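Asker: One structure coming up, written as structure tokens, with questions to follow.
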């Protein structure tokens, strides 16, 4: 299993995983990705900037995420406090395909993201999620991510923000 940069041949699968994520959130009553979920344009921009990754297991794409470096402007203001002010990568658009849920792929994808950050000399990861997204909050907490407070997205929506300091 490995995290690799998204390639042209993965686009249809990634869009399908985005749709799985949107529908699963809707089924759970979570108002995340319902109006402005990740789009083809977002994916293409992420690919162009080399932010988009897929988790591949025996040549099957089971998950997708975007990992950005540098300051995330939506994280400049937080109702709470970050663990530190050091460099970080940010995780966005994290999703596992419906058929792959419950098999540990989310955990594996975060482990791979942590290794990616370390390979770049970065020792912090930040991520946010909707207050009602219990699956993501549970995954983050199980992996040692600490709740830091509330951030506001560009569209005004509030998100629970987390950070992990890597060793």
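Values in this text are rule-based calculations from the coordinates and carry no lab data. Every value quoted in this text rests on a predicted model; they were computed, and no experiment measured them. Here the Cβ positions follow ideal geometry from the backbone for every residue, glycine too, while neighbour counts run over all protein chains shown.
Asker: Provide the FRET efficiency to the nearest 0.05 for the residue 50-residue 141 pair, computing r from the beta carbons and using R0 = 35 Å.
Answerer: The calculated FRET efficiency here is 0.75.
Asker: OK, next. Please state the shape class of the range 91-159: rounded when a/c is under 1.5, otherwise prolate if a/b exceeds b/c and oblate if not, all from the C-alpha gyration tensor.
Answerer: Oblate shape, in that a/c is at least 1.5 and b/c is the bigger or equal ratio.
Asker: For the modelled label position 7 Å from the Cα of residue 107 along Cα-to-Cβ, which residues of the range 139-167 have backbone nitrogen atoms closer than 18 Å?
Answerer: 139-146
Asker: Would you list 20, 87 from fewest to most Cβ contacts within 10 Å?
Answerer: Placing the least packed residue first, the sequence is 87, 20.
Asker: Based on the alpha-carbon gyration tensor of the range 37-106 and its eigenvalue square roots a ≥ b ≥ c, which shape applies: rounded if a/c is under 1.5, prolate if not and a/b is larger than b/c, or oblate?
Answerer: prolate
Asker: Using the number of other C-beta atoms within 10 angstrom as an exposure proxy, rank 1, 47 with the fewest first.
Answerer: The fewest-first ordering by Cβ neighbours comes to 1, 47.
Asker: Classify the chain: rounded, prolate or oblate, from the alpha-carbon gyration tensor (a ≥ b ≥ c, eigenvalue square roots; a/c under 1.5 rounded; otherwise prolate if a/b is larger than b/c)?
Answerer: rounded
Asker: Going by C-beta contacts inside 10 Å, put 55, 43 in order with the fewest on the left.
Answerer: Ordered by Cβ neighbours within 10 Å, fewest first: 43, 55.
Asker: Along Cα→Cβ, 7 Å out, is where each label goes; now give me the distance between the ones at residue 59 and residue 19 in nm to one decimal.
Answerer: Result for the modelled spin labels: 2.4 nm.
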